[in-house]
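What follows is calculated from the coordinates using simple rules that are stated; it is not laboratory data. Bear in mind the structure is a predicted one, so any value in this text is a computation, not a measurement. No Cβ is skipped: glycine too gets one built from the backbone with ideal geometry, and neighbour counts run over all protein chains shown.
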Amino acid sequence: MLHAPAERAAAAPTDCVRVIDGATVAIRQGTTTFVIAWTDIVAVRSKNKRTFIATANCVFKSSAALSTIVDALSSLGLTRIHRGAAVNAGRVRRLAGHGKHRLVLTLDTGEDFLVGRQFQRSVRARFGFKNP
């Protein structure tokens, strides 16, 4: 079995997501590049060293770190809400506090996300709420 050189393997994931213009994103998966509207991206999740970019119609799998994808798309409104998740801020419809340290974010798809404690302050500030 042949392995890619370390430099090439390390550089490849950083180019998997790229903003083409203000509203269009290119996502490379394998040898194919998909061009989608930014508004189609719902959320980005990380699990078992894989990152999943969920859109309105499908899910893209990437080996890039969640932080790399968040950095690439934060200028468009991708907001980190948990160490393993980020959401499209334009799709947030409700922010609800449940108890002292529990904050739940609901998207326009009806999907609920638990906001991590270390991200609650920045999430509340992003949506115009004072911190408790």
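Computed values, structure above
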item	result
Peptide ranges 56-65, 115-124, 77-86 listed from the most packed, as the mean C-beta count within 10 angstrom indicates	77-86, 115-124, 56-65
J(HN,Hα) series, segment 94-110, from Karplus relation 6.51 cos²θ - 1.76 cosθ + 1.60, nearest Hz, glycine and proline x	8, 10, 10, x, 10, x, 6, 10, 10, 10, 10, 10, 10, 8, 5, 7, x
The chain: Cα Rg divided by the 2.2 N^0.38 Å rule of thumb	1.13
Spin-label model distance (nm) - ALA37 vs ARG94, 7 Å beyond Cα toward Cβ	2.5
Within segment 6-126: Cβ-based charge dipole about Cα centre, in debye rounded to nearest 20 (Lys, Arg +1; Asp, Glu -1)	640
